[in-house]
Amino acid sequence: QVQLVESGGGLVQPGGSLRLSCAASGSIFSFRAMGWYRQAPGKERDLVAVITDDGSTNYADSVKGRFTISRDNAKKTVYLQINSLEPEDKAVYYCNAQSLFNYWGKGTLVTVSS
């Protein structure tokens, strides 16, 4: 059984920063890719950023230059550094990990408000 647990969400003012973490536990050696998705109220869940096991990254256009994804393979943890937060970044952020199967965390809420 593999579990993903996100942390680091919260209320931040516009222009602020957050660091999200997602730790995987369970009987799995490694993930081919790990990433972050987000879902704003009334909208679909969209890809934010993904990082493969060789370190290659891909970002949604809306977050390029502001968000940085990284991972620690030994800790089976993926991070998302979020800078220059905008009101449009408000959403539930979900961690995703891919191996033979596709795994999801339960999400962490990021709220941007002054």
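Descriptive notes on the structure:
- Here each label is just a point 7 Å from Cα along the line to Cβ, and for Ser56 and Ser7 those points are 3.2 nm apart.
- Spin-label model distance (nm) - Asn102 vs Ser17, 7 Å beyond Cα toward Cβ: 3.3 nm
- Mean shadow area of the range 52-114 over all directions, Cα convex hull, nm²: 5.1 nm²
- By average C-beta atoms within 10 angstrom, highest first, the peptides 47-53, 31-37, 86-92: 31-37, 47-53, 86-92
- Percent accessible area from carbon and sulfur atoms, the chain, protein chains only, probe 1.4 Å: 48 percent
- Gyration tensor verdict on the chain (Cα atoms; rounded if a/c is under 1.5, prolate if a/b is larger than b/c, oblate otherwise): prolate
- Which listed pairs, of Lys43/Lys106; Lys43/Lys75; Lys64/Lys106, have C-alpha distances above 22 Å, in listed order: Lys43/Lys75; Lys64/Lys106
- Per residue accessible area in Å² of the chain, where ligands, DNA and RNA are left out and the probe is 1.4 Å: 55 Å²
- Counting only Cβ charges, +1 for Lys and Arg and -1 for Asp and Glu, the dipole size of the chain around its Cα centre is about 200 debye.
The values are calculated or read from the model by the stated rules, or taken from the named source; none is laboratory data. None of these values were measured; they are calculated from a predicted model. Virtual Cβ from ideal backbone geometry, glycine too; neighbours counted across all protein chains shown. Just the protein is used for accessible areas: all its heavy atoms, side chains included, with ligands, DNA and RNA removed. Shrake-Rupley method; radii C 1.70, N 1.55, O 1.52, S 1.80 Å.
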